[in-house]
Amino acid sequence: MASKKLVLIDGNSIAYRAFFALPLLNNDKGVHTNAIYGFTMILMRILEEEQPTHMLVAFDAGKTTFRHKTYSEYKGGRQKTPPELSEQFPFIHELLDVYKIPRYQLENYEADDIIGTLSKHAEKDGFDVKIISGDKDLTQLASEHVTISITKKGITEVDSYTPEFVKEKYGLTPDQIIDMKGLMGDSSDNIPGVQGIGEKTAIKLLKEYGTVENVLESLDQLKGKLKERLETHRDDAIMSKELATINRDTPITISLDDILYSGYNPQEVLPVFRELGFKTLIDKFDTGSETDEPEEIEDLPFTAAEEITDEMLVDDSIFVVEVWNENYHRSDIAGFAIINENGRFYLPYGLAMDSDPFRKWAEDEHMRKTVFDAKRSIVAMKWKGIELAGVDFDVLLASYILDASQTVEDVAGIAKMKGITGAKTDESVYSKGAKRKLPEDEILADHLVRKGEALSKLSKILEKELRENDQYELYHDLEMPLAIILGKMEAIGVKVDVNKLKEMGADLGQQLQALENKIHGLAGESFNINSPKQLGVILFEKLGLPPVKKTKTGYSTSADVLEKLADRHEIVEQILLYRQLGKLQSTYIEGLLKVVHEDTHKVHTRFNQALTQTGRLSSTDPNLQNIPIRLEEGRKIREAFVPSKEGWVIFAADYSQIELRVLAHIAQDKNLMEAFRNDMDVHTKTAMDVFHVEMDEVTSNMRRQAKAVNFGIVYGISDYGLSQSLGITRKEAAEFISRYLESFDGVKEYMDDIVRDAKQKGYVSTLLQRRRYLPEITSRNFNLRSFAERTAMNTPIQGSAADIIKKAMIDMARELEEQELQSNLLLQVHDELIFEAPPEEIEILKKLVPQVMEHAVELDVPLKVDYAYGDSWYDAK
DNA sequence: TATGTCCCCC
DNA sequence: CCTGTTGGGGACATAA
């Protein structure tokens, strides 16, 4: 027979712990939830780990207890329970109820006493007892069968107090804990103890005499101040011991039979989680329990259109455009679904595309449509000859704005987060990888209609959340219009000089062949230079070079390692060169040629607008945001990016030091603002301040180091990161940073404030109200916490810069349209915009682009934009 | 197909 | 005392 296990939880104490350990999070109803959340986390862990057969959560009742009769000042001077915590107790009670965990409180007694009494009964009946609390007082109950788990600083770590543990920690038995309290008192409960006796003295006395009473009877063996103190406070000691003693014979009205625990039903718990907005816990639940049996999906009636009718084509509809390929450029479309006040409809692709009314409706901007991934839908339709308009709400973008950390694959992914059932994942319907295929028409139709149904519910929920977070403007006035602009940029594409690329490729191929021969010759055998494993064997075993660094799979052969070995063997330099050219060949020549469209010689990148945690864009297939520039050999790749029309130019404009300007503004740092107002070289200025020298004394090395520090500030790197980039010790790097912060005290203040703010609110914000949640900022794990702290400092800077250039793109697109210019915006690379322009518009752009970009927002420092243009991207420098 | 290593950009 | 590396995309090798 399985043994009986009783878990007793000190409800008040755990709620307090959770409250103070976690940031003061709000849910979407404005209720603070941190204590509820922490409490639930602890509860879930206990249920998992202990598998109790019996369970009870005890709470304190009322303000006065029997202890107040003994000592009216008991628990006096205590801070009142913060209202932010009090308001959470009803929810904790509700949660316990749905978990079917009994809770109990008893007039005149504290939770401790209830726990003491029940554990006594249970012990007698042969139970194993586990007590959970944040209060060390309970450790007096430890025995062979009673273990007390005390939460440490956070909520995840606990100390388990067994009699052995108590012995080890204090050198006392558990029942001597109350004697210890009697002597030393307890400031948190306002138990006086004997004045002048602390933990050390108390333990010493008890090791010698055993109990408070024995100590007091043996006073004549003591002397001096100690004896004097014990004599004067004799009564205090006795009373304090009494106060600290848990009453194990309270008149409880429940028995062990009443607190049998037979588990809970996740279906009853989930709605409460949803109500509270516990996304992560919902996920844990859905995947972590056996309730994952395919939920009973209700039938969803819809009409599979055999002809397109007017009732399908009305204002305010959900519009599902099922773009088949991941890369939506020139992709097939599997079909459409429309949901509106008239019903749910599946529209087969061919039927819809042959319908004029459908085309008209799709292109009518007054026919408002809610979609998932507006840009994807618009661009895919554009390739099919339809200019989709009237896109009014994008569930993907809204979800990204609300929380970028939730990676979203499809409609079902978002639906699940928000507790909406009925939608199926794309993967479950289509399979993935090589097996991915279109299902039969009925299944496809059902899938698309279900997506639409989920979108309909989601759009309402997400819009409400955006407004509550004060993020609706960001969504509606920034990201949504930007999606349209990005779609145009992608569809226009960038012209590539294919022949130029091929020439460069042939040339590189020859150089690589020669290098390969040379390297193999130097190594004395032929091997795959691209294989770190094989290369490691050659360098560190055959040639006997010293391995500088290891990776988890073997020797590191990274560039910084090789650079250290460069003067020890001729082969190293050749390998570095081989790597550099090999990268250009495979990624930029061959990689680019693969994605150039044969007929137009254009590449059509996709900007991912809903991916990065900072608000930046990213770019794929091809990635046009990482085309080489630093080294001349690589930079030449840019010669292959040319205007799409004869005689036009590439016009590139970039913000100068936008992140540091944003930092100056956000931090309101006088020194940094002054530097930018005077248009100083900010790295030189930093060097002057960090090294305490005059402008003409700044050496190029000082400027280089100052630049690295600025880089570190902007990108949120650690002292370790800075030490790596400068090749100095971590200590020296830390010294640089602290000298920087002394000179820029506004920045220092900002850094301190933003971390504190993030801990309190759980997130940081950018200029335009973009958010990044940082739950790990309160982690006890140094790495996680440090990373979150640096993120808190960095994201408002990088994210605000991203906000600004996005705004500039919208303003710029409007200007191009209003002035009826032919120039096209082609690319955005984080702090620069790249256009193609007819020669007659160059003079206009030279004025217009900097004007628009510099005034996208008004900061307390000027924004500065540089520009250049030429026959290719290379020449726009 | 997934993971690790390396390297390009801002 | 130590811990450990901004945000991305992509190519290639290798193990599974």
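FYI, it's all coordinate maths here, none of it is from the lab. Since we're looking at a predicted model, the values are computed, not measured. Cβ atoms come from the backbone with ideal geometry, glycine included; neighbour counts cover every protein chain shown.
Results, tabulated for the structure shown:
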{"quantity": "The stretch A:493-569-the stretch A:652-727 distance, computed between alpha-carbon centres (Å)", "calculated": "35"}
{"quantity": "Among A:11, A:430, A:581 the positive-end extreme of the charge dipole of chain A (Cβ point charges)", "calculated": "A:581"}
{"quantity": "Against the rule of thumb 2.2 N^0.38 Å, how large the Cα Rg of the stretch A:47-122 comes out", "calculated": "1.30"}
{"quantity": "DSSP-assigned coil residues among chymotrypsin sites (Phe, Trp or Tyr not before Pro) in the stretch A:775-877, each with at most 10 further Cβ atoms within 10 Å", "calculated": "none"}
{"quantity": "Net +/- balance of residues flanking residue A:744 in space, Cβ distance below 13 Å, scoring K and R +1, D and E -1", "calculated": "-3"}
{"quantity": "Residues A:209, A:715, A:346 arranged by fewest to most Cβ contacts within 10 Å", "calculated": "A:715, A:209, A:346"}
{"quantity": "Entries in A:424/A:457; A:435/A:533; A:63/A:181 that, when Cα-Cα distance is taken, lie over 24 Å", "calculated": "A:435/A:533"}
{"quantity": "Estimated 222 nm signal from helices in chain A, with DSSP H stretches of n ≥ 4 weighted -39500 (n - 2.57), rounded to 500", "calculated": "-14500 deg cm²/dmol"}
{"quantity": "Reachable lysines from residue A:564, criterion Cα separation under 17 angstrom, eight or more residues apart if same chain", "calculated": "A:549, A:550"}
{"quantity": "Neighbour net charge for residue A:239 - beta-carbon separation under 12 angstrom, K R +1, D E -1", "calculated": "+1"}
{"quantity": "Partner lysines for residue A:748 [C-alpha distance under 22 Å; skip if fewer than 8 residues away on the same chain]", "calculated": "A:670, A:685, A:707, A:731, A:759, A:761"}
{"quantity": "Net charge of neighbours whose Cβ lies under 13 Å from the Cβ of residue A:676, counting Lys and Arg as +1 and Asp and Glu as -1", "calculated": "-2"}
{"quantity": "Gyration tensor (alpha-carbon) shape descriptor, the stretch A:303-492, a/c threshold 1.5", "calculated": "rounded"}
{"quantity": "Cα shape, the stretch A:668-799, gyration tensor, a/c 1.5 rule", "calculated": "oblate"}
{"quantity": "Note, ³J(HN,Hα) from phi for the stretch A:419-433, Karplus 6.51, -1.76, 1.60, rounded to Hz, x at Gly and Pro", "calculated": "x, 9, 9, x, 8, 9, 6, 4, 4, 5, 8, 9, 6, 9, x"}
{"quantity": "Burial ordering of A:407, A:232, fewest other beta-carbon atoms within 10 Å first", "calculated": "A:407, A:232"}
{"quantity": "Dipole magnitude of the stretch A:668-799, debye to nearest 20 (Cβ charges: Lys/Arg +1, Asp/Glu -1, about Cα centre)", "calculated": "780"}
{"quantity": "Sparse-neighbour loop sites [trypsin sites (Lys or Arg not before Pro); the stretch A:563-602; at most 14 other C-beta within 10 Å; DSSP]", "calculated": "A:568"}
{"quantity": "Potential extension, residue A:100-residue A:525 segment - 0.36 nm per residue separation minus Cα distance", "calculated": "145.9 nm"}
{"quantity": "Taking A:599, A:875 and counting other C-beta atoms within 10 Å, the order from fewest to most", "calculated": "A:599, A:875"}
{"quantity": "Cα point-scatterer Debye curve for the stretch A:471-522, base-10 log of I(q)/I(0) at q = 0.19 Å⁻¹", "calculated": "-0.75"}
{"quantity": "Candidates per GluC sites (Glu not before Pro) in the stretch A:813-877, loop by DSSP, up to 16 other Cβ within 10 Å", "calculated": "A:820, A:858"}
{"quantity": "Amide H contacts of residue A:389 (H built 1.01 Å from N, under 5 Å, at least 5 apart or other chain)", "calculated": "A:363, A:364"}
{"quantity": "Total charge dipole magnitude, chain A, about the Cα centre, Cβ charges on Lys, Arg, Asp, Glu only, Debye to nearest 20", "calculated": "2820"}
{"quantity": "Dipole-positive endmost among A:657, A:421, A:221 within chain A (Cβ charges, Cα centre)", "calculated": "A:221"}
{"quantity": "Stokes-Einstein diffusion coefficient of the stretch A:475-620, Kirkwood radius over Cα pairs, 25 °C, 0.890 mPa s, in µm²/s", "calculated": "133"}
{"quantity": "At 1.002 mPa s and 20 °C, Stokes D of chain A from Kirkwood alpha-carbon radius, µm² per second", "calculated": "65"}
{"quantity": "Stokes-Einstein D in µm²/s, Kirkwood radius over Cα pairs - the stretch A:175-245 at 25 °C with 0.890 mPa s viscosity", "calculated": "214"}
{"quantity": "Table column - 3J(HN,Hα) (Hz), the stretch A:771-779, Karplus curve with 6.51, -1.76, 1.60, x for Gly and Pro", "calculated": "10, 9, 7, 10, x, 7, 5, 9, 5"}
